[in-house]
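**Q** One structure follows; several queries about it will come next.
The values are calculated or read from the model by the stated rules, or taken from the named source; none is laboratory data. Nothing here was measured: the structure is a model prediction, and the numbers come from that model. Cβ placement follows ideal geometry from the backbone for every residue including glycine, while neighbour counts extend to all protein chains displayed.
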Amino acid sequence: MKFKYSARTKSGEMQVGFIEAANKEAASNILIGHDLYILSLGSAELEKWYDRIFNIFKRVGKVDVMVFTRQFATLLNAGIPLGDTLKSLYKQTRNPLLKEAVYEISSDVDSGLSLSQALERHVGIFSEFYVNMMRSAEITGRMGEVSGFMADYLEKETTLLSKVKNALIYPAVVLGLLGIVVGIMVGFVFPQIQPIFEETNVDIPTVTKILLGTGNFIAQWWLAILVIGLIIIVVLVDYFRTKEGETVMDEISIKVPVLGNLFKKMYVARFAESTSVLIKGGIPIAQALEISGHTIGSIVYRDAIHEVAESVREGELLSQALAKKENYFPILVSQMVAVGESTGKLDSLLDRIATFYTREVDDLLSNLVELIQPILMVIIGVGVGLLFAAVLLPIYSLVQKF
């Protein structure tokens, strides 16, 4: 395989070129053997079109990063040097993309880069929040402690997101299956029985007429419906990938009844948790707020937090700035932050806010899960009842006629 590399000699001279080797590790060993400090090393092979498609489904999940961080913190706290820790994690990592990233990070650190600089080159895996936390750890000399904070934070975040997804998967699957059944009945079954009703001149109920009309329309125009549907989906997906689309989606998500309240509390919990960790890491409040805004997962909240950060830079208290954003942060948040400011324990109060709203999210999710089943039963019951009524009522009239 051919690899492209950039490296520095012992005298500091920059070198860029290509090297042939069996794999990336072998290429690295050859370069190191020539007394070169590797800055970057990547494949120079042309990527095939099917590889690009396959790579869409390859990614490093939050669980993988969380496990890596937990192991990283454990090894550092055990007194193992950073270079040896990274080499050990490279051997233990199973995810191929993360394994490659760890290898490159280890090589960069051995070449003289700081850990945060090495992590910064893998923004698709390690967030801005993660990189800045490690940078603060390097400044304060609390690498093991901050790594532990990060592992705890990622674990809480992973658990929370998992609960939200699990709560939404079941109703989505059930409603999807119901939609498929209704589509089959309306598109294929009803058009088959329509001639029978027409030949016998049976009075057809309104529900049946609607479903028969819908079925005929689908049967005649199914290709056009499919094409238009795909075009609409592509356009919507493309739109919601834009900044404007993401903002609209975020606005909708926090304004939807019931779920909007859930998302708001989730965002507040993540804001408090990440800001607390950053302040503990020695990062100034305004900068911590800006970094935290990028970890929330909502453009609307990110913009609101950035405005709060600007107010803090201008000399306003954090509690006062948060009180102005009552639509996003409940009064309780600004009140507890005010207590933290007056007592000098802001990070501790933010921890309490995070704990409180995490419990609120857990309770809300539990209630939603309990409510989902009866609501689904009602929806399915109504849908199945209408389908049976549309079929059985004309058949009953047909039997009476004969």
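**Q** What's the total number of residues in the range 361-402 that are closer than 30 Å to Glu155 by Cβ and surrounded by fewer than 17 Cβ atoms within 10 Å (Cβ to Cβ)?
**A** Going through the range 361-402 one residue at a time, the tally reaches 9.
**Q** Right, next: Only one of Glu370, Glu316, Glu360 is closer than 30 Å to Val182 by Cβ and of a type in the set (D, E, K, R); which?
**A** Glu370
Residue-wise test of (1) under 24 Å from Leu160 (Cα atoms); (2) buried (at least 21 other Cβ atoms within 10 Å of the Cβ); (3) assigned by TED's automatic domain parsing to the domain that holds Met134.
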| site | (1), (2), (3) |
| --- | --- |
| Pro284 | no, no, no |
| Gly293 | yes, yes, no |
| Ser298 | yes, yes, no |
| Val308 | no, yes, no |
| Ser311 | no, no, no |
| Glu314 | no, no, no |
| Val339 | no, no, no |
| Lys345 | no, no, no |
| Asp351 | yes, no, no |
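**Q** Continuing with the same structure: Examine the range 316-328 for a residue that is among the basic types (Lys, Arg), in a helix (DSSP H, G or I) and in the same structural domain as Ser342 (by TED's automatic domain parsing), and state whether such a residue exists.
**A** The answer is no; no qualifying residue exists.
**Q** Right, another one. Is it true that Glu310 is outside any helix (DSSP H, G or I) and more than 17 Å from the chain's Cα centre (by Cα)?
**A** Spelling it out, it is not the case that Glu310 is outside any helix (DSSP H, G or I) and more than 17 Å from the chain's Cα centre (by Cα).
**Q** So, in the range 57-82, how many residues would count as being out of contact with any Asp or Glu (no Cβ under 6 Å at 6 or more places or on another chain) and in a helix (DSSP H, G or I)?
**A** 16
**Q** Determine which member of the set Ile218, Ile196 is in the same structural domain as Ser397 (by TED's automatic domain parsing), assigned to a helix (DSSP H, G or I) and modelled with pLDDT of 75 or more.
**A** Ile218
**Q** Now for a different question. For a quick check of your reading of the model, give me the residue pairs whose first member lies in the range 224-248 and is in contact (Cβ under 8 Å) with a residue 40 or more places away in the chain and part of a helix (DSSP H, G or I), whose second is aromatic (Phe, Trp, Tyr) and surrounded by 10 or more Cβ atoms within 10 Å (Cβ to Cβ), with beta-carbon atoms closer than 7 Å and at least 6 apart or on different chains.
**A** Taking only residues 6 or more apart or on different chains, the pairs are Glu246/Phe240.
**Q** (1) more than 22 Å from Ser348 (Cα to Cα); (2) touching a residue at least 24 places away in the same chain (Cβ under 8 Å); (3) outside any helix (DSSP H, G or I): which one isn't true of Pro257, the others all being true?
**A** So the condition that Pro257 fails would be (2).
**Q** Does Gly176 fit the bill of being surrounded by fewer than 17 Cβ atoms within 10 Å (Cβ to Cβ) and out of contact with any Leu (no Cβ under 8 Å at 6 or more places or on another chain)?
**A** The answer is yes for Gly176.
**Q** Here is a list: Ile283, Ile372. Which entry is of a type in the set (A, V, I, L, M, F, W, C), closer than 24 Å to Met249 by Cβ and touching a residue at least 60 places away in the same chain (Cβ under 8 Å)?
**A** Ile372
**Q** Would you be able to tell me the number of residues in the range 141-167 that are at pLDDT below 80, aliphatic (A, V, I, L, M) and within 14 Å of the chain's Cα centre (by Cα)?
**A** 3
**Q** Which is farther than 30 Å from Thr242 by Cα, in contact (Cβ under 8 Å) with a residue 60 or more places away in the chain and in contact with a helix residue (DSSP H, G or I) (Cβ under 8 Å, 6 or more places away or on another chain), of Leu386, Leu349?
**A** Leu386
Yes or no, residue by residue, for (1) in contact (Cβ under 8 Å) with a residue 12 or more places away in the chain; (2) within 30 Å of Val378 (Cβ to Cβ); (3) in contact with a Phe, Trp or Tyr (Cβ under 8 Å, 6 or more places away or on another chain):
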position: Ile105; (1), (2), (3): yes, no, no
position: Leu115; (1), (2), (3): yes, no, no
position: Val123; (1), (2), (3): no, no, no
position: Arg135; (1), (2), (3): yes, no, no
position: Ser147; (1), (2), (3): yes, no, yes
position: Thr159; (1), (2), (3): no, no, no
position: Tyr170; (1), (2), (3): yes, yes, no
